[in-house]
Amino acid sequence: MQSAAEIRQCLRAARLSLQQDYADHPQPRRYLRAHAGLVDEHLRMVWQLLAMPPALALVAVGGYGRGELFPHSDIDLLILLPLQPDEFLQQRLQELVGILWDIGLEVGHSVRTVAECMTESSDVTVQTNLLEARLITGARPLFEEMRDTLAHHLDHRAFYLAKQKEQEQRHARFAEADYNLEPNLKESPGGLRDLHTVLWISRAAGLGNSWRELARAGMITAQEARRVGRFEAFLQTLRIRLHYLAKRREDRLLFDYQTALAEQMHIAATETRRASEHLMQRYYRAKRAVLLLNDVLLQNLRAHLFPEAEAAHPLNARFVSRGNLLEARDERLFEREPSAILESFLLMEQHPELTGFSAPTMRALWRARFSVNAAFRRDPKNRALFMSILRQPQGLAHALRRMNRHGILGRYLPPFGRIIGQMQHDLFHVYTVDEHILMVVRNLRRLTLEEHAHEYPLCSKLIKDFARPEVLYIAGLFHDIAKGRGGDHSLMGRADAARFCKQHGLTREDSELVVWLVEHHLTLSHTAQTQDLSDQDVIAAFADKIPNDRYLVALYLLTVADIRGTSPKVWNVWKGKLLEDLFHLTRRYMVGGKIADQVGEIRARTRELLNLYAIGPERHELLWGQFDAEYFLHHEPDEIAWHTRLLAHRVNSATPVVKARLSRIGEGIQVMVYCPDQPYLFARICSFFSRLHYNIMEAKVHTTQHGYALDSFLVMDAGNNETNYRDVMNYIEYELAQQIIRAEPLPASHAGRVSRQLKHFPIAPEVSIEANGKGKHRLSITAGDRPGLLARIALVLARHHINLRSAKINTLGARAEDTFHITGAALAQPNAVAALREELLRQIA
C-alpha cells in the first residue's frame, strides 16, 4: 500500500499527464470525466491507507459528483455516517481531511448522517448538491438510503420554482457592465450555470441527466440537443484552458487571458480586429444561444411540471395569448407563412400585457429563422411589417431585443448580423456593438416617455415635437453598424442606411436625414468636447454643417443617446452641459448669425446678475478693468458674477484667493484660484487635485492686465462615487492656497498605475499641435488614462514656457482625449514645437 507522500507524487504525475493529453487531444468532456476519475482513484487510495470504517460512505457532490472536474475546481465531498461520530471517529475524519490537503486535493467537505442531509436539504443549494451525489467508496447501502430518502422528500415543483428564482437572482447579480467586458464563464447569464440549472431540474423531474435524454423525453429535438452540446463544449473548453493559464481557479474571462486564449485556440487577428475580439465574439454568440435554449427548456419543463393549461384568448387568425405569453395557433405557422415571424413581434408591441413567447412558439421561431432570407427581405409585406414595428408608440426597444435574442434581427438586417457579439476593446464601450446599438435605440425611446421626462428635460421636449421619430430609431440602428470592417464606419454605415431607406419606402426628406445622421453622428460630440465654444467662428463652422433645425435637433438627440449607451461611467452632467451648450449656441447662430458685440452682451447679462446682490458698477469696474475681452468670452455671466463678488475688494490681494462652490450643473465643484502669477501654477494645481483623486473636467486659465492669474476649474471625484462635495470644499480652499503660498518645487510626477484593460489593450499615444489662425494653438492629446496624467502634461507645458488658456478633459472609460488651447513664443518655432511634441509623447506613453 502506498504512503501519503507516494500518493501525492502519483497524483501530481497523473495530473501533469492529463494536462498534456488535453493539450494533444482537446476534448473537454473526455478531460472532465478523466480528471474526476483520476481524483476518485486517489481518494480511494487514501481511504484504504487510513482503513476508514466500512460503515461510512465517501460521496462526491456538486460538479465533481456530476463527473465534471475542471483543473482547479474545488473537490466537494460528503462523508456520510450511519450515526453521530464519537470522539475517536472525529479524530479519524480530521486526519482524513488533513491528508487529502497534504496530497494536493483542495477539498470542500461536510460530514452528515442521512437525517442531517434531509434537514439541510431545505436549502436549495444543498438539495442540488445531493441530487448530483455519486458514491466514490464505502457503504453503498447507506448511500442508496440517502438517495432514496432524498427522492422521497424532493418536491419537483418547488425545486423548479426555487432554481428559477435562483437563476433570476444570479442573472441580476452578474448583469453589471463590468461583466460584459470580463464575463464569468460559469455564473454570467448564458454561462455554464444556465445549462446546469436545466439539467438539475430535469434530473429532479426524472426526465434525464443529459441533453440526449432530454431529447428522448421530448423536451427538445435531437438537433437542439446536439446544438446545446456544442455550446456547452465550447464553454467547457474556455474554462479548462482558463484554469491552466491562470494556474488557479479562475472563471472570469479577464483581459489578462483573452489574447492567450485566442492564441491557444488558433484564433488569429485580422487587419481590423484583434484575435481577442474574435474570441469574444464567439463567446457572446454562444452565450446568446445558451440563453435562448435555457429559456426554451425551462418553459418546456414548466409545462411538464405544471400541466394545468391556461385558457387561450384569440388575438387574430394566427395567434392567441395564453396567460401572459404569445402562442401561434399552429407550430408550423412560421414555415407556412414566414411573414408571421415579424407579425409576432408586432403583436407583442401592440399587447404590452404579453411578456414573451410560449415554449412551442419560441422553438418554432428558432427553427424558422432561416426563412428570413433574401426573398423574405424583398417581400413588400415584410418591409411594411418591419416599418410598423419601428413606428409603434410603445414596446420598440423590447421588440428589437427579442428579435435579436431569437436570431431574427440579424437575419433581417444582414449588416447587423455581422456585428452581433462583436466586442470593442476601445476602452470605453462596455457593450458589444449590437448591444450598444439597441441601447441607443432604447435611450431614444426612453426620451419619449413622460415618466422619464425629468431626466433630460430638453431632450424630452425636443423629441415630443419631433415628427416621425422612427427616423431617429433607424439612424440609431445604423450609426455603428459598420464597426469592425476597417475604414470609416460612419461612411460605410451611411451606405447601408441609404440602402435600407430606399428599400423600405422612406420619403426622400427622411432618407436624407437618416443618411446624414449616420455619417455625422460623431460630429456634435467631437465639437463640443474639443473645440472652444466661446469662439463664434467655431459655432459658425459647426452650424454650416447643419442643413436646418430638424437636423440639429435630430443630431443632438442621437448624440445624447449614443454617449449614454457606451458605458454607465462615460456619461456625466458636464458632458451633458457641453452638448446642450453647443446645441443652444448653434440654434441661436442659425437664427440670428453672429452676435455683433458678444462681449457687450455678456457684460450686460452679468450686470443684471450683480444687481441682484446690490453690486453696482463702482464696485466692479476696477476689477473688470484688469480683464480683456478673452476673459468675458470664455466665462459665462453666472461665473463672472461669482468671480466679481469674491474679488471686487481683493483686486490687488497679496495672498491667494481660493474659493469653491457646488457646480451649477448639478455635479462636481467649481474652484476659482486668484493670485499673483507664478511659474508652474497650473501644474501645481493639477498635482494637488491628482493627489486628492479628483479629475479636472474643464480648466479656464486667464492672466489679468496687472499680472494676476485667475484660473477656474470644474472638478469631480475620480471614482464616480456618491461624494458629498460640501465636505471637501473647505479643505480644498485652505490646502490649495497653502500650497500656492509655499510654492515648493514640484516633485517629478510619476506615471500612475495602469488599469488591467489598458495594460492588455494599450492605446497608441497621439499628440497634435495645430494653429487656429488667431495667435493660439490647439493641443490635442489621446492616451490611456491613468492617475497624474494631466499633472505630467502641465509640467511639460510649463517647462517649455507654454501658456494654457483653456482645457477640456474628456475621459472615456480608460481612454483620455484632452484638448488644450495654448499660446507661447515657442509655438512659432518648428523645432521647439517638435521638441514639445516629443516630450509630451514620452510623458503620456
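When residues in region 605-635 are screened for being free of Cβ contacts under 8 Å to residues at least 40 places away in the same chain, closer than 21 Å to Ile595 by Cβ, open to solvent by less than 10 Å² (accessible area, probe 1.4 Å) and not hydrophobic (A, V, I, L, M, F, W, C), 1 of them pass. Please enumerate the residues belonging to region 200-212 that are closer than 16 Å to Gln299 by Cα and either touching a residue at least 60 places away in the same chain (Cβ under 8 Å) or among the charged types (D, E, K, R) (or both). Within region 200-212, Trp200, Ile201, Ser202, Arg203, Ala204, Ala205, Leu207 meet the criteria.
When His25 is tested against (1) crowded, with 20+ Cβ neighbours inside 10 Å; (2) more than 22 Å from Ala139 (Cβ to Cβ), exactly one condition is not met: (1).
Residue count for region 640-675 satisfying the condition of being open to solvent by 10 Å² or more (accessible area, probe 1.4 Å) and either more than 28 Å from Arg742 (Cβ to Cβ) or part of a loop (DSSP other than H, G, I, E, B) (or both): 13.
If you go through region 359-368 one residue at a time, do you hit one that is over 19 Å from Ile481 (Cα atoms), of a type outside the set (A, V, I, L, M, F, W, C) and open to solvent by less than 10 Å² (accessible area, probe 1.4 Å)?
Yes, region 359-368 contains a residue that is over 19 Å from Ile481 (Cα atoms), of a type outside the set (A, V, I, L, M, F, W, C) and open to solvent by less than 10 Å² (accessible area, probe 1.4 Å).
Filtered by the rule that a residue be outside any helix (DSSP H, G or I), touching a helix residue (DSSP H, G or I) at 6+ places or on another chain (Cβ under 9 Å) and surrounded by fewer than 17 Cβ atoms within 10 Å (Cβ to Cβ), region 231-254 gives a lone residue, Arg249. Against the conditions (1) assigned to a loop (DSSP other than H, G, I, E, B); (2) out of contact with any helix residue (DSSP H, G or I) (no Cβ under 7 Å at 6 or more places or on another chain), Ala495 satisfies every one except (1).
Pairing each residue of region 802-820 that is over 28 Å from Val430 (Cα atoms) and open to solvent by less than 10 Å² (accessible area, probe 1.4 Å) with any residue that is assigned to a strand (DSSP E or B) and modelled with pLDDT of 80 or more, provided the two are 6+ apart or on different chains, yields no C-beta distance under 7 Å.
Collect the residues in region 112-124 that are surrounded by 14 or more Cβ atoms within 10 Å (Cβ to Cβ), modelled with pLDDT of 90 or more and part of a helix (DSSP H, G or I), keeping them in residue-number order.
Val114, Glu116, Cys117, Met118 - these are the residues of region 112-124 that are surrounded by 14 or more Cβ atoms within 10 Å (Cβ to Cβ), modelled with pLDDT of 90 or more and part of a helix (DSSP H, G or I).
Residues of region 255-283 that are under 17 Å from Gly190 (Cα atoms) and surrounded by fewer than 19 Cβ atoms within 10 Å (Cβ to Cβ): Arg282 alone. Name the one entry in Asp727, Asp711 that is of a type in the set (Asp, Glu) and assigned to a helix (DSSP H, G or I). Answer to the selection: Asp727.
Strands (runs of 3 or more DSSP E) fully within region 730-845 that include at least 3 residues being farther than 30 Å from Glu277 by Cα and within 33 Å of the chain's Cα centre (by Cα): 803-812. Every test in (1) surrounded by 15 or more Cβ atoms within 10 Å (Cβ to Cβ); (2) outside any helix (DSSP H, G or I) is passed by Gly505 save one, and that test is (1). Within the bounds of region 525-535, is there any residue that is in a helix (DSSP H, G or I) and without any contact (Cβ under 8 Å) to a residue 24 or more places away in the chain? Yes, there is a match, as at least one residue in region 525-535 is in a helix (DSSP H, G or I) and without any contact (Cβ under 8 Å) to a residue 24 or more places away in the chain.
Within region 218-230, which residues are open to solvent by 40 Å² or more (accessible area, probe 1.4 Å) and either under 35 Å from the mean Cα position of the chain (by Cα) or more than 22 Å from Pro28 (Cα to Cα) (or both)?
Scanning region 218-230 gives Gly218, Thr221, Gln223, Arg226, Arg227, Arg230.
Does region 425-440 contain any residue that is open to solvent by less than 20 Å² (accessible area, probe 1.4 Å), over 29 Å from Gln757 (Cβ atoms) and modelled with pLDDT of 90 or more? No; the residues of region 425-440 include none that is open to solvent by less than 20 Å² (accessible area, probe 1.4 Å), over 29 Å from Gln757 (Cβ atoms) and modelled with pLDDT of 90 or more.
Residue count for region 300-326 satisfying the condition of being outside any loop (DSSP other than H, G, I, E, B), more than 20 Å from Met219 (Cβ to Cβ), open to solvent by 20 Å² or more (accessible area, probe 1.4 Å) and not small (Gly, Ala, Ser): 2.
Rundown of residues vs (1) farther than 18 Å from Glu455 by Cα; (2) in contact with a Leu (Cβ under 7 Å, 6 or more places away or on another chain); (3) modelled with pLDDT of 95 or more, yes/no style:
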| residue | (1), (2), (3) |
| --- | --- |
| Ile546 | yes, yes, yes |
| Leu552 | yes, no, yes |
| Leu557 | no, yes, yes |
| Ile563 | no, no, no |
| Lys575 | no, no, no |
| Leu578 | no, no, no |
| Thr586 | yes, yes, yes |
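The residues on offer are Ala825, Ala783, and the sole one that is modelled with pLDDT under 90 and open to solvent by less than 60 Å² (accessible area, probe 1.4 Å) is Ala783. Restricting region 42-98 to residues that are assigned to a helix (DSSP H, G or I) and among the acidic types (Asp, Glu), the residue that is surrounded by the fewest Cβ atoms within 10 Å (Cβ to Cβ) is Glu87. Among the residues of region 126-184, those identified as within 30 Å of His304 (Cβ to Cβ), assigned to a helix (DSSP H, G or I), in contact with an Asp or Glu (Cβ under 8 Å, 6 or more places away or on another chain) and in contact (Cβ under 8 Å) with a residue 24 or more places away in the chain are Asn129, Gln167. Among the residues examined, His109 does not qualify as open to solvent by 60 Å² or more (accessible area, probe 1.4 Å) and outside any strand (DSSP E or B).
Can you tell me which residue is farthest from Glu817 (Cα to Cα) among those in region 567-590 that are under 21 Å from the mean Cα position of the chain (by Cα) and aliphatic (A, V, I, L, M)?
Going residue by residue through region 567-590, those that are under 21 Å from the mean Cα position of the chain (by Cα) are 567-576.
After this cut, where a residue has to be aliphatic (A, V, I, L, M) as well, the list is 570, 573.
Values: Val570: 12, Val573: 17 Å.
Here the residue is Val573.
Could you identify the single residue in Tyr708, Tyr694 that is in contact with a strand residue (DSSP E or B) (Cβ under 7 Å, 6 or more places away or on another chain), touching a residue at least 24 places away in the same chain (Cβ under 8 Å) and closer than 17 Å to Met729 by Cα? Steps first, answer last, please.
On the way: Tyr708 fails: closer than 17 Å to Met729 by Cα.
Selected residue: Tyr694, the only one of Tyr708, Tyr694 that is in contact with a strand residue (DSSP E or B) (Cβ under 7 Å, 6 or more places away or on another chain), touching a residue at least 24 places away in the same chain (Cβ under 8 Å) and closer than 17 Å to Met729 by Cα.
Scanning region 508-526 for residues that are over 32 Å from the mean Cα position of the chain (by Cα) and crowded, with 20+ Cβ neighbours inside 10 Å yields no hits at all. Does any residue of region 286-295 turn out to be open to solvent by less than 50 Å² (accessible area, probe 1.4 Å) and without any contact (Cβ under 8 Å) to a residue 40 or more places away in the chain? No. Where helices (runs of 4 or more DSSP H) fall wholly inside region 327-405, the ranges with 1 or more residues that are out of contact with any strand residue (DSSP E or B) (no Cβ under 8 Å at 6 or more places or on another chain), modelled with pLDDT of 95 or more and among the aromatic types (Phe, Trp, Tyr) are 340-350, 374-378, 380-391. Ala225 fulfils the conditions (1) in a loop (DSSP other than H, G, I, E, B); (2) touching a Phe, Trp or Tyr at 6+ places or on another chain (Cβ under 6 Å) except for a single criterion, (1).
The values are calculated or read from the model by the stated rules, or taken from the named source; none is laboratory data. Remember, it's a predicted structure, so these values are computed and weren't measured experimentally. Virtual Cβ from ideal backbone geometry, glycine too; neighbours counted across all protein chains shown. When the accessible area is computed, the model is the full protein with side chains, heavy atoms only, and any ligands, DNA or RNA have been set aside. Shrake-Rupley method; radii C 1.70, N 1.55, O 1.52, S 1.80 Å.
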